[in-house]
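Q: Here you go, one structure.
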Amino acid sequence: MVDSVAHPVADHEGPTDEGRRDFLYLATAAVGGAGVVAIAWPLIDQLNPAADALALASIEYDLSKVALGQEVTIAWRKQPVFIRHRTQAEIDAAVRDDHAPMKDPATDASRVKPGHAQWLIVSASCTHLGCVPTFKGGDYGGWLCPCHGSVYDTSARIRKGPAPKNLYLVPYAFLSPTKVKIG
Amino acid sequence: MEEHISTYQPKSAFERWLDARLPIVRFSADLMEFPTPRNLNYWWTFGGILAFCLGIQIVTGIVLAMHYDPSGAGAFLSVQRTIMRDVNYGWLVRSIHANGASMFFLAVYIHIARGMYYGSYKAPREVLWLLGCVIYVLMMATAFMGYVLPWGQMSFWGAKVITSLLGAFPVIGDPITKLLWGGFAVDSPTLNRFFSLHYLLPFIIAAVVALHIWALHVPGNNNPTGVNVKSKADTVPFHPYYTVKDMFAVSVFVIVFAIFIFYLPDALQKTDNNIEANPLVTPAHIVPEWYLLPFYAILRAIPDKLTGVLALAAALGSLFALPWIDTSKVRSKRYRPMARNLWLIWVVGVFILGWCGSQEPDGHVFPGGAGPVFIDYGINTVTWLSRIAAIYYFAWFWAITPLLGFFETTLPVPDSLATPVLSHPATVPAGAAAAPQTKG
């Protein structure tokens with residue numbers, strides 16, 4: 001009879017009870033942690049581009065406005081894009097260097113649309129830290145970035161300086177021989 | 001603070017009543033009574049000057065925020081027209097705030113240099129030093145975001161370049177830059193969040209300053225000899241001795257400050273920043289504010305993007321690690337002739353890096369040609385000079401400083417900090433207590 005009274009008491013103390021306490025601590029921490037993550041995510045994600053910034057309108061551009069040897073900088077998704085009407089000499093220089101040692105090797109043909117080698121359409125943000133390079137600078141007949149001295153050739157490939165990549169290609173298609181749609 | 005016994009006596013019934021409930025008067029009284037080494041020189045006044053700078057920036061910043069429009073469309077005009085021309089004394093408040101940032105950095109660089117020279121970072125003041133480094137980094141973040149707000153060409157392209165630094169990291173780089181920009185380029189959302197953070201960070205700085213002062217009051221001040229305070233005779237109460245000295249130093253500092261505000265308001269500004277931000281055209285010559293130039297030169301010296309960014313981070317990180325890099329038992333470089341000279345060369349190197357940062361990467365150091373090309377640039381170019389200076393910058397931290405502790409011969413260190421004070425020819429005889437302003 002004594003045993004039957006004493007046992008339940010013993011069950012509530014000692015190791016069993018501590019196990020329950022640990023479980024309660026862990027469960028509380030887990031639920032609390034999940035709560036913190038659940039509220040932290042919206043607070044971080046609100047920093048990401050909002051729907052209006054994501055609504056990427058594609059743009060059309062009339063190439064007849066760009067004379068041979070001329071270059072225009074236009075804004076697409078608020079980022080600068082070069083449209084360069086290359087001369088034959090520029091194209092030849094780019095093709096000649098196709099297999100020269102480069103940081104980010106690419107042939108000139110892979111950077112233009114077939115049959116439209118005179119039109120080079122690339123992002124105008126230097127792949128180093130985002131400045132807009134200026135044409136007719138550097139030793140390769142192409143662009144020189146004013147910020148940290150990256151030099152691009154006439155195919156906008158990186159040849160010298162800190163930038164790791166060629167100027168990025170942007171998605172575009174020819175709607176007619178004188179009209180492109182970017183985006 | 002801990003060892004210091006409070007000597008505050010409530011003087012009225014109200015003070016006694018308050019002291020039992022919120023002992024704030026006791027707290028302030030104890031701060032003023034704080035025993036401070038009697039031999040602190042004028043290099044020690046820059047802590048007070050920095051507190052003054054933070055106060056000025058917060059007050060003028062709150063005023064500017066009342067008139068500023070943090071939108072891509074309105075920011076430039078709200079600064080150039082509303083604040084500079086229309087608001088009563090807006091030009092003055094902006095001039096104080098813009099030049100105040102430079103004065104703040106001038107003071108913090110002297111404060112850091114003082115800590116380095118006299119070994120204030122050494123045990124038991126490592127946490128004090130780390131908190132100071134945190135404040136410095138927060139200051140740079142705040143200044144950078146503040147520089148973006150006028151939304152001129154330099155603001156915009158500075159923002160683009162600095163945020164693009166994070167893009168150097170593989171995989172996470174791109175999502176992080178987008179997160180920071182709130183778009184695909186630096187734009188109105190970026191400006192908006194920078195304004196919000198630029199308003200927030202100074203208050204975080206103020207909180208870390210409170211921790212910095214707390215960490216100072218546990219071991220107490222270092223002093224020019226670097227020798228520990230041994231008795232009460234080595235100290236004087238903070239007030240009136242150092243409050244008066246600090247006030248004098250602040251007054252001199254304000255004179256220099258006022259020369260900039262009233263006579264050279266644009267001397268530290270780039271003219272390009274008076275052109276509204278244009279995402280399609282980068283200014284021909286883009287440089288950061290003078291106080292970031294040495295780091296900019298280190299970034300540019302390295303031909304690889306990710307390595308450059310990591311070197312920039314390491315240049316700052318080395319400062320944090322200094323208490324553990326320095327193996328010398330002697331705190332003050334006053335008794336370490338070799339360490340002093342090598343450190344002075346380091347300081348000159350930082351100035352050289354700063355100069356390099358302000359020049360074009362292929363500019364020439366000495367008049368004439370670029371010299372023979374070595375690897376990628378001529379040896380007479382700014383790029384190679386910054387590489388040499390950057391190598392010394394890191395070598396001082398990671399080779400010279402740890403090794404010196406083992407090999408250098410130090411001069412005899414005084415037994416107590418009173419010894420050099422009392423033996424100083426300009427000091428009044430011992431027993432006359434009022435000699436704390438003696439320069440050591």
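Quick note: the coordinates plus some simple rules give every number you see, no bench work behind them. Keep in mind that what you see is a predicted model, and the values were worked out from it rather than measured. Heads up, the Cβs are rebuilt from the backbone with ideal geometry, glycines too, and the neighbour counts pull from every protein chain shown.
Q: Please check which bits of region A:92-135 a label hung off A:Glu60 would reach, taking the label as a point 7 Å along Cα-to-C-beta and the cut-off as backbone N under 15 Å.
A: Under 15 Å, as judged by backbone N against the label point of A:Glu60, lies no residue of region A:92-135.
Q: From the square roots a ≥ b ≥ c of the eigenvalues of the alpha-carbon gyration tensor of region B:1-124, which class results: rounded (a/c under 1.5), prolate (a/b over b/c), or oblate?
A: The shape class here is oblate.
Q: A follow-up question, please. How many nm separate the modelled label positions at A:Ile39 and B:Phe248, each set 7 Å beyond the Cα in the direction of the Cβ?
A: If labels sit at A:Ile39 and B:Phe248, their model points lie 5.3 nm apart.
Q: Let me ask you something else. How far is it, in nm, from the label point at B:Val218 to the one at B:Asn274 when both lie 7 Å from their Cα along the line to the Cβ?
A: 5.0 nm
Q: Now for a separate question. For chain B, which longest stretch is free of loop sites, where a loop site is one of the trypsin sites (Lys or Arg not before Pro) that DSSP puts outside H, G, I, E and B and that has at most 14 other Cβ atoms within 10 Å?
A: Answer - B:22-229.
Q: For region B:77-230, with only Lys/Arg (+1) and Asp/Glu (-1) charged at the beta-carbon, what is the dipole magnitude about the Cα centre, in debye rounded to 20?
A: Magnitude of the dipole: close to 260 debye.
Q: Using Cβ counts within 10 Å as a stand-in for footprinting exposure, how do B:Thr243, B:Thr409 rank, fewest first?
A: Ascending Cβ contact count within 10 Å gives the list B:Thr409, B:Thr243.
Q: As a check on your grasp of the helix formula, calculate [θ] at 222 nm for chain A: sum -39500 (n - 2.57) over DSSP H runs of n ≥ 4, divide by the residue count, round to the nearest 500.
A: The helix-only estimate for chain A comes to -9500 deg cm²/dmol at 222 nm.
Q: Another question about this same structure. When the convex hull of the C-alpha atoms of the protein assembly as shown is computed, what volume per residue in Å³ does it have?
A: Here the figure is 284 Å³ per residue.
Q: If you don't mind, another one. Using a 10 angstrom Cβ neighbour count of at most 10 plus a DSSP loop assignment to flag exposed GluC sites (Glu not before Pro), which longest range of chain B is free of such sites?
A: Between exposed loop sites, the widest span is B:4-440.
Q: Can you tell me how region A:55-183 classifies by the Cα gyration tensor, rounded, prolate or oblate, using a/c under 1.5 as the rounded cut?
A: oblate
Q: Here is a follow-up. Mind listing the phi-derived Karplus ³J(HN,Hα) values for region B:180-197, rounded to whole Hz, using 6.51, -1.76 and 1.60 with θ = phi - 60°, and x for any glycine or proline?
A: 5, 7, x, x, 9, 7, 5, 7, 3, x, 5, 4, 4, 6, 5, 4, 4, 6
Q: With a sphere of radius 13 Å drawn around the Cβ of B:Pro237, what net charge do the other residues whose Cβ falls strictly inside it have (Lys, Arg +1; Asp, Glu -1)?
A: Charge balance in the 13 Å sphere: 0.
Q: Under 16 Å between alpha carbons: how many lysine pairs meet that in chain A, if sequence neighbours fewer than 8 apart on the same chain are excluded?
A: 8
Q: List the DSSP H helices in chain A whose Cα atoms stretch 30 Å or more along the helix axis and whose mean Kyte-Doolittle hydropathy is at least 0.0.
A: A:15-45
Q: Same structure again: What FRET efficiency comes out for the pair B:Phe366/B:Glu408, r = Cβ-Cβ distance, R0 = 30 Å, nearest 0.05?
A: 0.35
Q: Oh, and also: Can you give the local net charge around A:Ala117? Use residues other than it whose beta-carbon is closer than 12 angstrom to its beta-carbon, Lys and Arg +1, Asp and Glu -1.
A: Residues close to A:Ala117 contribute a combined charge of +1.
Q: Report, in debye and to the nearest 20, how large the dipole of region B:190-323 comes out about its Cα centre when Lys and Arg carry +1 and Asp and Glu carry -1 on their Cβ.
A: Using Cβ point charges on Lys, Arg, Asp and Glu, region B:190-323 gives about 360 debye.
Q: Please compute the net charge surrounding B:Ser416, taking Lys and Arg as +1 and Asp and Glu as -1 over other residues with Cβ under 9 Å from its Cβ.
A: -1
Q: Considering amide H positions built from the backbone, and no H for Pro or chain starts, which residues 5 or more places from A:Tyr172, or on another chain, come under 5 Å of its amide H?
A: Under 5 Å from the amide H of A:Tyr172: A:Gly183.
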